[in-house]
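Report on one structure; see the data block that follows.
The values are calculated or read from the model by the stated rules, or taken from the named source; none is laboratory data. Worth saying up front: this structure is predicted, and the values here are computed from it rather than measured. Backbone-built Cβ (ideal geometry, glycine too); neighbour counts: all protein chains shown. The area values use the complete protein model at the heavy-atom level, side chains included, leaving out ligands, DNA and RNA. Shrake-Rupley method; radii C 1.70, N 1.55, O 1.52, S 1.80 Å.
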Amino acid sequence: MKQRRFTNKKLIALMLPLAVDQLLNSFMGTVDTLVVSNLGSAAISAVSLVDSINILVVQAFFALASGGTVVCSHYLGCEKKERATNAARQLVFITFAMSLVIAIACHLFSNQLLGVIFGQVEPAVMDNAKKYFFFSAMSYPFIALYDDGACILRAQENSKLPMQISFVANGINVALNLIFVWVLHLGVAGSSAATMIARAFAMVVVLYKLRNPKMKIQLRDYSSIRPEWEEIKRILHIGVPSGIENGMFQFGKLAIQSTVSLMGTAAIAANAVANTLASWNNLPGMAINLALVSVVSVCVGAGEYGQARYYTKKLCRAAVIGISCISAVMFFAVPTLVTF
């Protein structure tokens, strides 16, 4: 039997940082909720409402970046490093262009967008939501480009570096949140600005790290990138269906959020806390999903379809076990966590 490309030790080394990274990414939004909770239910409600839009946009960027991961990993499996590098450059180009358009559109039509989705909320909630959404929309290109960089690193089986970057970015987010909200009293706008700065830091660091000549995929001279539509089509062919699939699920959550907004500020705040806790249940599945994309893409690129099937089954089993375990823990820990 042919030797397995990924040993259990190698899989754990890939997945453990991914799990921590996903926890840290989730914690970025949780910090905003925790810090503004002292400002009252109107502030919590505003953060919750805008985050439901943010999650929808972020999932679209993440799906696009995952499409780039598949293409890059496939080329690396075929030992075509130059094509993998070119695919990474095209991913950065198309993602930045799309995120910039979305950010500009959100700024130009923020009042209309928030009004259509959450038009019946109290004036105090809507006022806070507009302030929080302003900086959130500004951070979309930062989120998109960080996702690109992190996914390109994962395509090279390097999940440790994105975790380290996320750890530092979260530290910056916590510190700036406390300063902006509790010291300078900037309210939800300060909380959103703190998160935007932390995301900008993460983007800059990950793109800088990709300049390292020791990397299999190196990205330099970003200003010289020009579109190559055939490569972009390959990325979109994978990323767009995945984005639509995730988007439909998030649209459903957004519809629920819109309905909850009609029930008053207290209901919105309660829903915000519940959604924050519920998102933790998915962390093992999300981490294993990211590992699965890289592992299977490399195997398929190398023409090892039997190993691709083997790792798909193995990692899916691990995901089910992981989600079941954390759900059981969360079931008993919810009363304590909600109080916190």
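Data overview
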item: Rh by Kirkwood over Cα pairs, then Stokes-Einstein D for the chain at 1.567 mPa s and 4 °C, µm²/s; result: 63
item: For the range 37-112, fraction of C-alpha pairs farther apart than 15 Å, in %; result: 67
item: Stretch gain in nm, segment Lys233-Ile179, where the contour uses 0.36 nm per residue and the Cα spacing is subtracted; result: 15.0 nm
item: Hydrodynamic radius by Kirkwood, which averages 1/r over all alpha carbon pairs of the range 198-340, in angstrom; result: 19.4
item: Nearest 10 degrees, 0 to 90: helix 305-339 Cα axis against the chain principal axis; result: 20
item: Calculated P(r) tail over 20 Å for the range 1-88, as whole % of Cα pairs; result: 60
item: Listed peptides 194-203, 8-17, 329-338 by packing density, highest first (mean Cβ within 10 Å); result: 194-203, 8-17, 329-338
item: Burial order of peptide ranges 176-187, 109-120, 296-307, 87-98 (average beta-carbon count within 10 Å, highest first); result: 87-98, 296-307, 176-187, 109-120
item: Derived scalar couplings ³J(HN,Hα) [the range 101-108; Karplus, 6.51 cos²θ - 1.76 cosθ + 1.60; whole Hz; x for Gly, Pro]; result: 4, 5, 4, 5, 4, 5, 5, 5
item: Distance in nm between pseudo-label sites at Ala274 and Arg211 (7 Å out along the Cβ direction from Cα); result: 4.8
item: Convex hull volume per residue in cubic angstrom - Cα atoms of the range 26-165; result: 92
item: Nearest 10 degrees, 0 to 90: helix 140-155 Cα axis against the chain principal axis; result: 30
item: Within the range 211-299, chymotrypsin sites (Phe, Trp or Tyr not before Pro) in DSSP loop having at most 13 other beta-carbon neighbours inside 10 Å; result: none
item: Solvent-accessible area, 1.4 Å probe, carbon plus sulfur percent, for the chain; result: 68
item: Ala302/Ala124 FRET efficiency (R0 56 Å; Cβ-Cβ; nearest 0.05); result: 0.45
item: Under the Karplus curve 6.51 cos²θ - 1.76 cosθ + 1.60, θ = phi - 60°, whole-Hz ³J(HN,Hα) for the range 272-284, x wherever Gly or Pro sits; result: 4, 5, 4, 5, 4, 5, 5, 5, 5, 4, 8, 4, x
item: Stokes-Einstein D (µm²/s) once Rh is taken as the Kirkwood radius of the range 218-286 over alpha-carbon pairs, at 37 °C in 0.692 mPa s; result: 209
item: Label zone at Lys160, where the point sits 7 Å out along the Cα-to-Cβ direction: the range 9-31 residues whose backbone N lies under 18 Å; result: 9-22
item: Zone of Phe331's modelled label, taken as backbone nitrogen in the range 280-315 under 18 Å from a point 7 Å along Cα→Cβ; result: 280-285
item: Accessible area per residue, Å², the chain with all protein chains present, probe 1.4 Å; result: 48
item: For Leu186, distant residues with modelled amide H under 5 Å away; result: Val181
item: In degrees, nearest ten, helix 160-177 long axis to first principal axis of the chain (Cα); result: 10
item: Approximate spin-label separation Phe249-Ala105, in nm, with each point projected 7 Å along Cα-to-Cβ; result: 2.3
item: Listed peptides 44-50, 123-129 by packing density, highest first (mean Cβ within 10 Å); result: 44-50, 123-129
item: Shape metrics for the range 150-229, restricted to C-alpha atoms - Rg then Dmax, Å; result: 16.0, 49
item: Nitroxide proxy distance, nm - points 7 Å out along Cα→Cβ at Val116 and Asp221; result: 4.2
